[in-house]
Structures are given as structure tokens and as C-alpha cells.
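Visitor: Below are the C-alpha cells for one structure; questions will follow.
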Amino acid sequence: SWRWESKKLGDTVRYTCRSGYKRKDGVTQATCTRDGWEPNPLCQEIPPCGTPPPLEDGDTKTAMKEHYSHNETIEYMCQSYYIMEGEPYKTCLYGEWTGHMRCLRPCIVNEDEMRQHNITLKSSGTKYLVHDEIIEFRCTRGLSTGTVAMRQRCNSGVLVLPTCRE
């Protein structure tokens, strides 16, 4: 509204920037000086973001573009059996991508490794475990050494196997 009113030297006005622009240094007021309005420029274009960063063991849900506007988001997903840690979105803010997530790896129960440890699955079940899933083993012969529990939890691709001895 001040645009159409005459202002004199030293007058200050509050202002906002149009969509796609931001105030210079977060300033909310402008002052009329001999050289024009201060700060100058009042508003700066918000830079776009480039292609979003890749997600290890994951991908974006939609095709990627070369440029993204301020506040635009993109959604990620993990591969099968991988579990996402964090929110699935990254947001373009002032030319930078924000948001953090990662894909936690599944555990694969290997028959050869189980044989080497003299163990088998307590109940016939899947040999693929998602992160944080629990699996229980039993001795095929002998007794547990007791150093590692017979119940184990998958921790982002790492599964510690117990050992049984005769």
C-alpha cells in the first residue's frame, strides 16, 4: 500500500517479498535514503535446487527433474526388505536439500554359516529378516557356548550367530 504514497527521506516501511523471493538478510523494514530504498535490493530471488541426492539402497518415488523450486519436496522409498530410518521426504529450502533418511539393510540367514556354527532355525521360517526383526536358533548338535544368545536381532544387515559345541 505504501507504493502509491509519497515518502520522504528517512521514512521506514514494512514490506514483504513476492512468492519465489526472500528478504535480503531477513530485514522486514526498508528506509528511504538519498540513493533509494535501503536495503537494496529489497528482495532476492530464492535459488532453485538441483537434482536431489541419491539414496543408497533406495530411490525416488517419482522421476527426478533437473531443478526444484523453494519448498518443493521429493519422496524416497527403500528397496524390498530395507527399512527407512527417518522421514521419506527431502525438501528444497533456499537452494539446498534438507531432510535425512537412510535405508537399513536386511539380514540374510546363510545355510553354510549356520552349519559351521552347528545351529539351525528354531522354527522353519524366512531366511530374510528386516532391520530390528528377531530370529531364534537352536543347536543341531551339542550345547550353546553361551557367549552369544540364541535369540538375535537383525541390525542393519548384521546378524550375530550363536555357536554350539559338542
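The values are calculated or read from the model by the stated rules, or taken from the named source; none is laboratory data. All values reported here derive from a predicted model rather than from experimental measurement. Heads up, the Cβs are rebuilt from the backbone with ideal geometry, glycines too, and the neighbour counts pull from every protein chain shown.
Visitor: Among the residues of the range 54-69, is there at least one that is touching a helix residue (DSSP H, G or I) at 6+ places or on another chain (Cβ under 9 Å) and either farther than 30 Å from L129 by Cα or surrounded by 14 or more Cβ atoms within 10 Å (Cβ to Cβ) (or both)?
Guide: Checked the range 54-69: no residue is touching a helix residue (DSSP H, G or I) at 6+ places or on another chain (Cβ under 9 Å) and either farther than 30 Å from L129 by Cα or surrounded by 14 or more Cβ atoms within 10 Å (Cβ to Cβ) (or both).
Visitor: Is it the case, given these coordinates, that T126 is within 17 Å of R115 (Cβ to Cβ) and free of Cβ contacts under 8 Å to residues at least 40 places away in the same chain?
Guide: No; evaluated as a whole, the condition is false for this residue.
Visitor: So, in the range 93-113, of the ones that are charged (D, E, K, R) and not in a strand (DSSP E or B), which residue ends up surrounded by the most Cβ atoms within 10 Å (Cβ to Cβ)?
Guide: Residue satisfying both the conditions and the ranking: R105.
Visitor: Can you name the residue in the range 121-149 that is more than 29 Å from E85 (Cβ to Cβ) and buried (at least 16 other Cβ atoms within 10 Å of the Cβ) and is also modelled with the highest pLDDT among such residues?
Guide: For the range 121-149, the residue satisfying everything is C139.
Visitor: Does D112 qualify as being closer than 30 Å to C154 by Cα and out of contact with any strand residue (DSSP E or B) (no Cβ under 8 Å at 6 or more places or on another chain)?
Guide: For D112, the condition - closer than 30 Å to C154 by Cα and out of contact with any strand residue (DSSP E or B) (no Cβ under 8 Å at 6 or more places or on another chain) - is met.
Visitor: Among the residues of the range 84-92, are any at pLDDT 95 or above, out of contact with any Gly (no Cβ under 7 Å at 6 or more places or on another chain) and either surrounded by fewer than 17 Cβ atoms within 10 Å (Cβ to Cβ) or of a type in the set (S, T, N, Q) (or both)?
Guide: yes
Visitor: Just the residues that are part of a strand (DSSP E or B), within 30 Å of L9 (Cα to Cα) and not charged (D, E, K, R), please, taken from the range 21-73.
Guide: Within the range 21-73, Y21, Q29, A30, T31, C32, T33, G36, W37, C43, Q44 meet the criteria.
Visitor: So, of the residues in the range 74-83 that are assigned to a loop (DSSP other than H, G, I, E, B) and surrounded by 17 or more Cβ atoms within 10 Å (Cβ to Cβ), which turns out to be modelled with the highest pLDDT?
Guide: My answer is Y82.
Visitor: Scan the range 123-156 for residues that are under 28 Å from C78 (Cβ atoms), touching a Phe, Trp or Tyr at 6+ places or on another chain (Cβ under 7 Å) and in a loop (DSSP other than H, G, I, E, B) and report the count.
Guide: 1
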